[in-house]
1. Quick one: which residues, 5 or more positions from VAL29 or on another chain, have an amide H under 5 Å from its amide H? H modelled 1.01 Å from N in the peptide plane, none for Pro or chain starts.
2. Whole-Hz Karplus ³J(HN,Hα) for segment 72-89, in order, using 6.51 cos²θ - 1.76 cosθ + 1.60 and θ = phi - 60°, x for Gly and Pro?
3. How much length, in nm to one decimal, is gained on full extension between MET1 and LYS230, taken as 0.36 nm per residue of separation minus their Cα-Cα distance?
4. Mind checking which lysines have their C-alpha under 18 Å from LYS220, skipping anything on the same chain fewer than 8 residues away?
5. For ILE124, enumerate residues with amide H under 5 Å from its amide H, sequence gap 5+ or separate chain, H modeled in the peptide plane.
6. At 1.4 Å probe radius, can you tell me the per residue accessible area of the chain in Å²?
7. Angle between the Cα long axis of helix 104-119 and the longest principal axis of the chain, 0 to 90 degrees, nearest 10?
8. Kindly express, to the nearest 10 degrees and within the range 0 to 90, the angle between helix 195-210's C-alpha long axis and the longest C-alpha principal axis of the chain.
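The values are calculated or read from the model by the stated rules, or taken from the named source; none is laboratory data. No experiment lies behind these values; they were computed from the predicted model shown. Side chains are part of the model used for accessible areas, which takes the heavy atoms of the whole protein and leaves out ligands, DNA and RNA. Shrake-Rupley method; radii C 1.70, N 1.55, O 1.52, S 1.80 Å.
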Amino acid sequence: MSKVILITGASSGIGKSIAEYLFQKGMNVYGTSRNPISEEVNGVKMLALDVTNVASIEKAVATVISNEHRIDVLINNAGMGITGPVEDTPTDEMRAVFDTNFFGTIDVMKAVLPQMRTQQKGLIINITSIAGYMGLPFRGLYSATKGALELITEATRMEVKQFGIDVTNVAPGDFATNIAAGRYHTPVYEDSAYKEKYAENLALMDADVDGGMAPEEMAKAIHRIILTTKPKIHYKVGAFMQKFSIVLKRLLPDKLYEKLLMNHYKL
């Protein structure tokens, strides 16, 4: 029997690649976006779901359960980027990105857990980021949302293990997607103390994404995790140096690691 997959944020980028790859591997895939343009795209059934709207989440989850009578795997992929100096970034925009990347993910988990508990089986995969392992200048809010998600996943994993449910994090590095176009960019204010350095780093961030790995590599990694019988707590998918940066943070003195980051961001 093919696995029933629910993946949020499946209309573009990494989410779209994962959804279509899993369908090609014979899985029954439901993808979501806030405003799907079609009921089915390349074999993936599309549902409307806004992770910041609990009623929208519950309706989409109820549709999958009504159609399939189970949900085997939830992939929490929906998210948004944000850039800007902490001092210059509007606090309302900070709250908005936490609502999407953190609280929205939690609300989707809450919606599927009762069904998985009934099944005594299920897998939840939360897509975080290698950026969540470190505070990156001008990406601090994004790092904070993904770091918080890593920790809440660890806690949830321990709580639901008694019901036969597995929860895991997958932290991607830079992938060649259109994520930069969907970010909230704090404007480069003329009177900002960070004007020059922030402007330089916006260009650097976009270049990192453009030179990133193909999103199909992330899809293959997700497929392998779904097929494993005992998923790990954390997975990292990305270029060697991006993954190695996490190891370096663990090994190096704090100030030396900070210096390496500041050199990279020309600060």
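1. Residues meeting the criterion, in which the H sits 1.01 Å from N, are ILE5, LYS45.
2. 7, 9, 10, 10, 7, 10, 4, x, 9, x, 7, 10, x, x, 4, 5, 8, 7
3. Stretched out fully, the MET1 to LYS230 stretch lengthens by 80.5 nm.
4. Candidates past the 8-residue exclusion: LYS3, LYS16, LYS25, LYS230, LYS232, LYS236, LYS243.
5. For ILE124, the qualifying residues are LEU74, ASP166, VAL167, THR168.
6. In whole numbers, the chain has 49 Å² accessible per residue.
7. That works out to roughly 30 degrees.
8. So the helix axis and the longest Cα principal axis differ by about 40 degrees.
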